[in-house]
Amino acid sequence: MRISLNWLRELVDINMTPEQLAETLTVAGFEVEDIEDRSSWADGVVLGKILEATQHPNADKLRVCQVDIGAAEPLNIVCGAPNAKTDLIVATATIGTYLPKVELKLKKTKLRGVLSEGMICSLSELGLEKESPGIHSFNLENPKLGSDV
């Protein structure tokens, strides 16, 4: 059985590291086989805001998005998700990011002739769901663009 440490902290006041908690649970008779640090699955993935999403000039199923990640200039990202649209707050993988769940290291590339400088991610690409219908949009009041997802 998998248990989220964040969920457990909602129920019980825990003042120890995950490793100490695992040892305590094991001594109490609840064997802990592994500790999964899912935050490493999203190293290099930051919050971004889609400023503009337009139809790709050379592909019916692709969109060209301008994504603000808090840098001087927005990123130009080609996205295949049908739900990519203006004003969404999204998980944005930057150049150099490795996404272990899809075994992909991001680099600048051209998709059907248009430069893509990153990737707008679904929850399945981040390893948080088995399947995702499209990119994930965060419902945040004051998102800090460029902060770690």
Check: Counting only residues that are touching a strand residue (DSSP E or B) at 6+ places or on another chain (Cβ under 9 Å) and at positive phi, which one in the stretch 81-106 is modelled with the highest pLDDT?
Finding: D87
Item checked: Single residue of A59, A53, A81, A72 found to be open to solvent by 80 Å² or more (accessible area, probe 1.4 Å) and within 22 Å of I95 (Cβ to Cβ) -> A72
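Every residue, every condition in (1) under 16 Å from G44 (Cβ atoms); (2) touching a residue at least 24 places away in the same chain (Cβ under 8 Å); (3) not acidic (D, E), yes or no:
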{"position": "P57", "(1), (2), (3)": "no, yes, yes"}
{"position": "V64", "(1), (2), (3)": "no, yes, yes"}
{"position": "V67", "(1), (2), (3)": "yes, yes, yes"}
{"position": "P74", "(1), (2), (3)": "no, no, yes"}
{"position": "N83", "(1), (2), (3)": "no, yes, yes"}
{"position": "A91", "(1), (2), (3)": "yes, yes, yes"}
{"position": "K110", "(1), (2), (3)": "no, no, yes"}
{"position": "E125", "(1), (2), (3)": "yes, yes, no"}
{"position": "E129", "(1), (2), (3)": "no, no, no"}
Note to self: Filter the stretch 78-102 down to the residues that are outside any loop (DSSP other than H, G, I, E, B) and under 12 Å from K49 (Cβ atoms) and list them by number.
What the structure shows: I89, V90, A91, T92
Margin query: Filter the stretch 109-136 down to the residues that are crowded, with 19+ Cβ neighbours inside 10 Å, among the polar types (S, T, N, Q) and not in a loop (DSSP other than H, G, I, E, B) and list them by number.
Written below: S116
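The values are calculated or read from the model by the stated rules, or taken from the named source; none is laboratory data. Everything quoted here is computed from the prediction, not taken from an experiment. Cβ: placed from backbone, ideal geometry, glycine included. Neighbour counts: every protein chain shown. Each accessible area value is taken on the protein alone, full model and side chains, heavy atoms only, with ligands, DNA and RNA left out. Shrake-Rupley method; radii C 1.70, N 1.55, O 1.52, S 1.80 Å.
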